[in-house]
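Okay, structure first, notes after.
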Amino acid sequence: MPRRPDTRDRIERAAVSLFASKGVNATTTKDIAAEVGISEGAIYRHFKGKDDLAWALFSTPYFELATQIDQIAAGAATFAVRIDRMVDLFCTLFDRDADLFAFILLSQHGLLPRITEGMPNPVESLRRMFQSAIDKQECIGADANLMAAMALGLVTQPATFILYGRLTRPMIDLAPTLSKAIKLAVMR
C-alpha cells in the first residue's frame, strides 16, 4: 500500500493530542497508530521511536518560540511594547494549538534535559530580554531569572486554567490584562 503524504503530519497530530491528554509515558506507539489508523510499524518509517517523536514535537516549537522572543526583544522600541508583544505571542500560540501547549507544558521536565548549550531556548531568550531591561533600568528587579519566571507564571497559569476549564475565554482576550499584570510586577 502506498504511503499517504500526510501520514507524518497525522502521526504528529495524534501524538500531540495523546501526549497532552495521557502524557508521553502513558501513551504507546500502538495508541498513536490506532488513533491515526495505521500499523504501529508505520510510525517507525517516520520516527525512530516514541522518544524521537516526542522530542521532535517538543523541540521544533520550543526552538521557534525562542527565535520569536529574540525577534520581539530586538524589534520593539520599549520594554512595555516588548512585554505586550511577548504576551500576544504566547496567547496566540496557545489559542492556535492548546494541545501542543499542554504537551510542552506537561512534558518539559522530561525533555528539557536534552536542551544543550547553544540550542535556542525561550526561557533563556526571555531572561535576556529581562536582563536588557534591568541593565537599562526599565525593570524593578535585579534578577532576570526571577523576572522571567514571574512573567511566565502570569501567562502559563491562566493558560492552565483554560486547559482545565476554569477559564473559558480565548487566551488572546486575556492578553491586555496579562500584559498589564506583568508590567505592574516588573516595571518601574
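Read-outs: derived from the displayed coordinates by stated rules, not from any lab. It should be emphasised that the depicted structure is a prediction, and the values quoted were computed from it without experimental measurement. Please note: Cβ atoms are built from the backbone with ideal geometry, for glycine as well, and neighbour counts cover all protein chains shown.
Quick look at the numbers
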{"item": "Mean separation of Cα contacts under 8 Å, 6 or more apart, over the residue count of the chain: relative contact order %", "result": "24 percent"}
{"item": "Placed amide H near M187: partners under 5 Å, 5+ positions off or other chain", "result": "I140"}
{"item": "Protection proxy ranking of 133-139, 89-95, 30-36 - average other beta-carbon atoms within 10 Å, highest first", "result": "89-95, 30-36, 133-139"}
{"item": "Relative contact order computed over the range 1-81 (Cα-Cα under 8 Å; 6+ residues apart), in percent", "result": "25 percent"}
{"item": "Computed [θ] at 222 nm, deg cm²/dmol, the chain (DSSP H ≥ 4; -39,500 (n - 2.57); rounded to nearest 500)", "result": "-23500 deg cm²/dmol"}
{"item": "Proximal lysine pairs, the chain, alpha carbons under 23 Å, eight or more residues apart or interchain", "result": "7"}
{"item": "Coordinate range along principal axes, alpha carbons of the range 1-47, Å, largest first", "result": "31, 16, 16"}
{"item": "Overall Cα dimensions of the chain - principal axes, largest extent first, Å", "result": "62, 38, 27"}
